[in-house]
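This report concerns only the one structure given below.
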Amino acid sequence: MFFKKDKKTASQNQEAASLKNMQKGTVSLTDVIAPSSVEVDFNFIRVGERFYKTFFVVGYPRFVSPNWLSPVIDFNHSLNISMFIYPTSSPDVLSDLRRKTAEMEATISSQIDQGLVVDSKVQAALDDAQALMEELAKGMERFFQMSLYITLYSDSLAELDAASKKLESTLSSLLILPKTATLQMEEGFKSTIPIAIDQLYITRNMDTTSLASTFPFTSATLTQDKGIMYGLNQQNDSLIVFDRFSLENANEVVFGKSGSGKSFLIKLESMRQFMFGTEVIIIDPEGEYEAIAKTFGGEYVSFTPSSGVKINPFDLSGLYVEGENELGLKILSLHGLLRIVLGELDATHDAILDRALVETYKQKGITTDPATQKRQPPLMEDLYKVLLGMEDSNANELALRLEKFIKGSLSGLFNQQSNFDISNPFTVFSVKALEGELRPIAMHIVLDFIWTKVRKSLKKRLLILDEAWYLMKYEDSASFVYGIAKRARKYYLALTTATQDVQDFLSTDYGKAVLSNSSIQILLKQSPTEIDTVSKIFYLSSGEKELLLSAAIGEGLFFAGLSHVAIKIVASPFEKELATSNPEELKAREDRNAANQIIAPPQTPPTPPTDPFDKLSPTPSVNPQEISPTQIPPATNQGNFSIPQQESEVF
């Protein structure tokens, strides 16, 4: 039996030795992550191709305030910071403090007896020790020991030395005394890597209040694993990458004075969202999105009386949702539109208008029955005829107000059946060509048309309502926008409202409701006349108010949920060329496009493919020199818009 056991043990040892030899010939995890070499010098340590230098803190300011370490946290260089905190026993600390207090009192008494001036440092230390003893005895404070280490790293030794001087200067401005871990660089490096081992153990005594003020997480970041880039965090230059669809709702509001970069930001977001597969629909009051639409292969619809694109405000969605009266909702929407068209309505006129709308749909065979709502809808002219046929003075008055849109100068705007459908994933509706009084009407009609389209199919969409104050100044339009903001999440829609008139936007309860239903708020540069309103709504601190008043173009505050940071908008050269609305840059672009068209070489017609049947019907040859310039097709470009060929910057 003993012989068999010894034989079995020998076999196991042999197998272990064989396995050990096999492991020596394989690559382990340690081999993969280990650097090729490590060099330890007096003032630095080189790990692989990177140089490291560690500092430890030996002196702290006597008085500090919260966030006092933020200049170190936000230092403009790569670094590692380690803090080790060791709790101590209060009785032991009290015993040591009594002894130290007695020593300092004896020193002061000796100086007084000798007729010397009392040392102010000793007196200050005695006062601090007595105050700390009292707080420890009452249990108001606890006692700790803290170590603070900072390791800089760079790809070159010269860069490391330059960063070290900047760090020492920054620390000195905070009354912090750093020391280089000379001859202890290896221990310092190991103390600042995430293994939670303090190999230097250079501590400083601190109470609870002092320790709490060193809390290092003062620099907010808004970076997610997915989403689009909005800009840079001004505090620490980190990327603000955010997915607005990951929040409780995907709505966004943008406030900024004229020239603050508001439209530039929205254009950047529309391009970046489109590149990530989001369908983009824009209502453009100022005609700023034409170049982007044509460059991205989108559809640019100019909404004018003479335009071939027509939208009938009486269109129904044709959808049946249990519990909803589609016809009733459409009539309510038309009430809001017609109040803008006809002006203020009293109770009598409002009741007559309601009866007329119901009768107008009934004459087309459309009732509350969903089966009838797929029939051809009525026109504005049908409502006009119904009002005239009521033989009532109030109805005739409404018909007269409506007449200019039926027979007058604006007859081609709202009085035809719809002949357009949103099929392009990047669609822009422009109302720039309309007069100012007609823009709110057109924007309301387009917005209602888009909302009807959105409800038909579930798709990831972004709806941008630029210069939203056109609609928010009318109560009925503002109510309609609020309804979309409240229900957008149900249809996978993100609503962006932007305005430069903050007071007009927030003057109504509906404007404030749209703001409260937007998870993302972006504040750019504000005017002094509106900063108080903005500050009251967003509960801004005095520093944040100053930031918005003095912000440069494209700078402001980015609110996402409960977090907010200072943002700086950045764009690649390609994006900037498309998104800019600076008149000087636009003029330069137009001149460049004109020059490109002049020097563009004529394009020869393509040679048709050879066909054996061509021999049966020969065509006459044409000398290229005999072709007139009018026969040469013009050089194609993207909507008379060219982009300089330059490499895009990557952020």
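Residue 280 meets each of the listed conditions (1) out of contact with any helix residue (DSSP H, G or I) (no Cβ under 6 Å at 6 or more places or on another chain); (2) among the aliphatic types (A, V, I, L, M); (3) farther than 17 Å from residue 477 by Cα apart from (1). As a summary of the residue check, residue 275 satisfies the conditions (1) under 30 Å from residue 499 (Cβ atoms); (2) touching a residue at least 12 places away in the same chain (Cβ under 8 Å) except for the one numbered (2).
For region 553-576, filtering for residues that are touching a helix residue (DSSP H, G or I) at 6+ places or on another chain (Cβ under 7 Å) and of a type in the set (Asp, Glu) leaves 1.
For region 33-64, which positions are within 19 Å of residue 178 (Cα to Cα) and polar (S, T, N, Q)? Selection gives 43, 54.
Do we have any residue at all in region 46-63 that's under 30 Å from residue 158 (Cβ atoms), free of Cβ contacts under 8 Å to residues at least 60 places away in the same chain and within 44 Å of the chain's Cα centre (by Cα)? Yes, that holds for at least one residue. Identify the residue in region 206-229 that is β-branched (Val, Ile, Thr) and more than 27 Å from the chain's Cα centre (by Cα) and, among all such residues, is least open to solvent (accessible area, probe 1.4 Å). If we take residues in region 206-229 being β-branched (Val, Ile, Thr) and more than 27 Å from the chain's Cα centre (by Cα), then 214 is least open to solvent (accessible area, probe 1.4 Å).
Before we move on, is residue 459 in contact with a strand residue (DSSP E or B) (Cβ under 9 Å, 6 or more places away or on another chain), open to solvent by 50 Å² or more (accessible area, probe 1.4 Å) and over 14 Å from residue 255 (Cα atoms)? Spelling it out, residue 459 is indeed in contact with a strand residue (DSSP E or B) (Cβ under 9 Å, 6 or more places away or on another chain), open to solvent by 50 Å² or more (accessible area, probe 1.4 Å) and over 14 Å from residue 255 (Cα atoms). Of all residue pairs spaced 6 or more apart or on separate chains, those with beta-carbon atoms under 6 Å, a first member in region 429-453 that is without any contact (Cβ under 8 Å) to a residue 60 or more places away in the chain and a second member that is in a helix (DSSP H, G or I) and open to solvent by less than 30 Å² (accessible area, probe 1.4 Å) are 451/484. The set of residues from region 481-526 being over 22 Å from the mean Cα position of the chain (by Cα), open to solvent by less than 40 Å² (accessible area, probe 1.4 Å) and in contact (Cβ under 8 Å) with a residue 24 or more places away in the chain comprises just one member, 508. Can you name the residue in region 289-334 that is in a helix (DSSP H, G or I) and among the basic types (Lys, Arg) and, of all such residues, is surrounded by the most Cβ atoms within 10 Å (Cβ to Cβ)? So the residue we want is 330.
Screening residue 286 against (1) closer than 30 Å to residue 496 by Cβ; (2) charged (D, E, K, R); (3) open to solvent by 60 Å² or more (accessible area, probe 1.4 Å); (4) assigned to a helix (DSSP H, G or I) leaves a single unmet condition, (4). Criterion applied to 61, 87, 91, 71 was being closer than 30 Å to residue 212 by Cβ and in contact with a helix residue (DSSP H, G or I) (Cβ under 7 Å, 6 or more places away or on another chain), and the one residue passing it is 71. How many of the residues in region 23-64 are hydrophobic (A, V, I, L, M, F, W, C), closer than 20 Å to residue 147 by Cα and open to solvent by 50 Å² or more (accessible area, probe 1.4 Å)? The total comes to 3. Quick check: is even one residue across region 196-205 farther than 25 Å from residue 74 by Cβ, β-branched (Val, Ile, Thr) and either open to solvent by less than 80 Å² (accessible area, probe 1.4 Å) or at pLDDT 85 or above (or both)? Checking region 196-205: at least one residue is farther than 25 Å from residue 74 by Cβ, β-branched (Val, Ile, Thr) and either open to solvent by less than 80 Å² (accessible area, probe 1.4 Å) or at pLDDT 85 or above (or both). Counting the residues of region 230-261 that are open to solvent by 10 Å² or more (accessible area, probe 1.4 Å) and out of contact with any helix residue (DSSP H, G or I) (no Cβ under 7 Å at 6 or more places or on another chain) gives 18. Scanning region 534-559 for residues that are in a loop (DSSP other than H, G, I, E, B), open to solvent by 40 Å² or more (accessible area, probe 1.4 Å) and under 22 Å from residue 263 (Cβ atoms) turns up 552, 553. Please tell me if residue 356 is open to solvent by less than 30 Å² (accessible area, probe 1.4 Å) and assigned to a helix (DSSP H, G or I). Here the answer is yes, as residue 356 does meet what is asked. Say we look at region 84-108 and pick out the residues that are under 25 Å from residue 191 (Cβ atoms) and crowded, with 16+ Cβ neighbours inside 10 Å; which of these is modelled with the highest pLDDT? Result: 84. Here residue 173 does not fit the description of being polar (S, T, N, Q), open to solvent by 70 Å² or more (accessible area, probe 1.4 Å), free of Cβ contacts under 8 Å to residues at least 60 places away in the same chain and over 23 Å from residue 97 (Cβ atoms). Across region 471-480, the qualifying residues are those that are out of contact with any Pro (no Cβ under 9 Å at 6 or more places or on another chain) and not aromatic (Phe, Trp, Tyr), and the one among them that is surrounded by the most Cβ atoms within 10 Å (Cβ to Cβ) is 472. Once region 546-603 is narrowed to residues that are among the hydroxyl-bearing types (Ser, Thr, Tyr) and over 13 Å from the mean Cα position of the chain (by Cα), the residue that is nearest to residue 243 (Cα to Cα) is 572. Among the residues of region 401-413, is any open to solvent by 50 Å² or more (accessible area, probe 1.4 Å) and at positive phi? There is no residue in region 401-413 that is open to solvent by 50 Å² or more (accessible area, probe 1.4 Å) and at positive phi.
A Cβ distance below 6 Å, combined with a sequence gap of six or more or placement on separate chains, defines the contacts here; from region 569-594, residues that are within 26 Å of residue 237 (Cβ to Cβ) reach residues that are in a helix (DSSP H, G or I) and open to solvent by 30 Å² or more (accessible area, probe 1.4 Å) in the pairs 579/264.
Of the listed requirements (1) in a helix (DSSP H, G or I); (2) on the phi > 0 side of the Ramachandran plot, residue 441 misses just one: (2).
Within region 98-127, which residues are free of Cβ contacts under 8 Å to residues at least 12 places away in the same chain and either outside any helix (DSSP H, G or I) or among the acidic types (Asp, Glu) (or both)? Residues satisfying the conditions are 103, 113, 114, 115, 116, 117, 118, 127. Being assigned to a helix (DSSP H, G or I) and within 19 Å of residue 79 (Cα to Cα) is true of residue 190.
Being part of a strand (DSSP E or B), modelled with pLDDT of 50 or more and open to solvent by less than 70 Å² (accessible area, probe 1.4 Å) is the requirement here; does residue 595 meet it? Spelling it out, it is not the case that residue 595 is part of a strand (DSSP E or B), modelled with pLDDT of 50 or more and open to solvent by less than 70 Å² (accessible area, probe 1.4 Å).
The values are calculated or read from the model by the stated rules, or taken from the named source; none is laboratory data. Remember, it's a predicted structure, so these values are computed and weren't measured experimentally. Please note: Cβ atoms are built from the backbone with ideal geometry, for glycine as well, and neighbour counts cover all protein chains shown. Accessible surface is based on the protein model in full, side chains and every heavy atom, while ligands, DNA and RNA are left aside. Shrake-Rupley method; radii C 1.70, N 1.55, O 1.52, S 1.80 Å.
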